[in-house]
1. Which one is surrounded by the fewest Cβ atoms within 10 Å (Cβ to Cβ), of the residues in segment 74-126 that are β-branched (V, I, T) and over 12 Å from the mean Cα position of the chain (by Cα)?
2. Using the structure shown, decide if G66 is at pLDDT below 90, open to solvent by 60 Å² or more (accessible area, probe 1.4 Å) and of a type outside the set (F, W, Y).
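The values are calculated or read from the model by the stated rules, or taken from the named source; none is laboratory data. A quick note: this is a predicted structure, and the numbers were derived from the prediction, not measured. In this analysis, Cβ positions are derived from the backbone assuming ideal geometry, glycine residues included, and neighbour counts consider all displayed protein chains. What goes into the accessible areas is simple: the full protein's heavy atoms, side chains included, and nothing from ligands, DNA or RNA. Shrake-Rupley method; radii C 1.70, N 1.55, O 1.52, S 1.80 Å.
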Amino acid sequence: MSGKTKIITIISSIVVIALAVFIFFRFFFVYSTGVNAGDLNYFQEEGLIFKTYEGKMIQSGFRSSGKTTEGLHSNELKFSVTDKAVADKLMRASGRRVELRWKRYMGTLPWRGNSQYVATEVLSIE
């Protein structure tokens, strides 16, 4: 193997490894996990090629006095679901208060859903 071929092989290997590490951290590494509770606004199955479950939860609360405006405010959590059993529970819970456990990824994949947040478990439905 000549010197030029060896350098090209080493550089190519480094590029492939760097690309693999980037793809892993961007799409498969769990960035954070948590639990959120709120009113389930909607939950639906959507998509042209990849049918995914998508939902939105409204979380209400009070704004602290340190902000410029005080009073009620709401946050939205848009999430995806990959587990059919979790999706079936949420399909029957629209408009009700739910508590979800989720994982957050840095990027989205078409077969995993449109959101970085993927609900993995329904802890309670009120």
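1. So in segment 74-126, the residues β-branched (V, I, T) come out as 81-82, 86, 98, 108, 118, 120, 122, 125.
Cutting the leftovers down to over 12 Å from the mean Cα position of the chain (by Cα) gives us 86, 98, 122, 125.
Numbers: V86: 18, V98: 23, V122: 20, I125: 14.
Step by step, filter segment 74-126, then rank; the result is I125.
2. Answer is yes for this residue.
Listed here are the residues, each with its yes/no results for (1) part of a strand (DSSP E or B); (2) open to solvent by 100 Å² or more (accessible area, probe 1.4 Å); (3) touching a residue at least 40 places away in the same chain (Cβ under 8 Å).
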position: T5; (1), (2), (3): no, no, no
position: S12; (1), (2), (3): no, no, no
position: A20; (1), (2), (3): no, no, no
position: I23; (1), (2), (3): no, no, no
position: S32; (1), (2), (3): yes, no, yes
position: V35; (1), (2), (3): yes, no, yes
position: G38; (1), (2), (3): yes, no, yes
position: F50; (1), (2), (3): no, no, yes
position: M57; (1), (2), (3): yes, no, yes
